[in-house]
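One structure coming up, written as structure tokens, with questions to follow.
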Amino acid sequence: SMNWYSNLKIGKKLLLVALLALLGLGGLGSFFIIEMGQVYEKANYGNANSVPSLEVMYRMVSGSKDIYISTLRHIQNTDPARMSMIEGLIANARQTTEKALADYEKMLSDDTDRRMLSDDRGAVTELTRAVDELLPLSRANKNEEARLLLREKGFPAQEKLSKLVHEHLEYNMKLAKTGSDEALAAYQGSRTQGIIAIVVIGVVLLALML
């Protein structure tokens with residue numbers, strides 16, 4: 001079956017070997033580019049998702065704490081102008097928290113991530129409902145009733161959110177570690193396959209040259 005090759009002149013043999021080498025190395029190069037792209041995608045997960053999620057979650061917790069602290073300050077004041085200024089701070093903190101929730105929605109990874117964000121949002125809603133309920137009491141200087149409402153509804157919601165965000169962050173770090181582990185396994189697999197392919201190409205070319 002190799003008679004046709006044996007009958008070729010040496011120049012054509014070398015040309016054929018060179019062409020096969022070019023095709024083999026070109027295919028190998030394409031394989032490595034695709035494989036390395038997948039490795040990079042997996043390894044980059046921590047930077048592309050988990051690091052930004054840390055910043056967004058910090059804004060989420062920071063905004064909700066500002067809501068809580070500003071509400072507490074509102075209850076402690078009796079001056080209408082001062083209370084109005086504090087209500088502006090509460091509105092800004094709510095906006096910060098809502099924006100953090102919306103920003104995180106763009107970075108969702110899976111259904112578990114989506115469920116955890118829903119829980120985060122639920123805790124924020126509990127807090128803001130408590131604030132909406134107690135601000136009229138505070139404005140009317142019914143401070144004891146407002147404090148009781150904050151203690152019974154606002155504080156538990158704030159604590160719940162902090163706990164949920166902490167768990168959510170741990171889940172993101174777990175996803176990042178999984179991505180890194182998969183990247184390492186993919187890299188090692190690609191390297192092994194590449195070495196095998198190089199050896200096979202080398203053997204075939206050597207056989208053709210003999």
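The values are calculated or read from the model by the stated rules, or taken from the named source; none is laboratory data. The model shown is predicted, which means the values in this text are computed figures rather than measured ones. Counting neighbours? That spans all protein chains shown, and the Cβs are built from the backbone with ideal geometry, glycine included. Ligands, DNA and RNA are stripped out before the accessible areas are found, and what is left, the full protein with its side chains, is counted by its heavy atoms. Shrake-Rupley method; radii C 1.70, N 1.55, O 1.52, S 1.80 Å.
Given 145, 98, which one is in a helix (DSSP H, G or I), out of contact with any His (no Cβ under 8 Å at 6 or more places or on another chain) and over 13 Å from residue 61 (Cα atoms)?
On the way: 98 fails: over 13 Å from residue 61 (Cα atoms).
After ruling out the rest, the residue left standing is 145.
For region 78-108, enumerate the residues that are over 21 Å from the mean Cα position of the chain (by Cα), buried (at least 18 other Cβ atoms within 10 Å of the Cβ) and without any contact (Cβ under 8 Å) to a residue 40 or more places away in the chain.
86, 93, 94
Any chance you could count how many residues in region 56-77 are within 25 Å of the chain's Cα centre (by Cα), open to solvent by 80 Å² or more (accessible area, probe 1.4 Å) and touching a residue at least 12 places away in the same chain (Cβ under 8 Å)?
The qualifying residues number 1.
Of the numbered conditions (1) open to solvent by 20 Å² or more (accessible area, probe 1.4 Å); (2) within 26 Å of residue 53 (Cβ to Cβ), residue 161 satisfies every one except a single condition; which is it?
Unmet for residue 161, out of (1) open to solvent by 20 Å² or more (accessible area, probe 1.4 Å); (2) within 26 Å of residue 53 (Cβ to Cβ): (1).
So residue 202 passes all but one of these: (1) touching a helix residue (DSSP H, G or I) at 6+ places or on another chain (Cβ under 8 Å); (2) more than 23 Å from residue 54 (Cα to Cα); (3) modelled with pLDDT under 90. Which condition number does it fail?
(1)
Let's see how each residue does on (1) more than 16 Å from the chain's Cα centre (by Cα); (2) assigned to a helix (DSSP H, G or I); (3) among the basic types (Lys, Arg):
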{"site": "125", "(1), (2), (3)": "yes, yes, no"}
{"site": "135", "(1), (2), (3)": "yes, yes, no"}
{"site": "149", "(1), (2), (3)": "yes, yes, no"}
{"site": "156", "(1), (2), (3)": "yes, yes, no"}
{"site": "168", "(1), (2), (3)": "no, yes, no"}
{"site": "174", "(1), (2), (3)": "no, yes, yes"}
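Quick one: count up the residues across region 164-193 that are buried (at least 19 other Cβ atoms within 10 Å of the Cβ) and at pLDDT below 60.
Selection size over region 164-193: 2.
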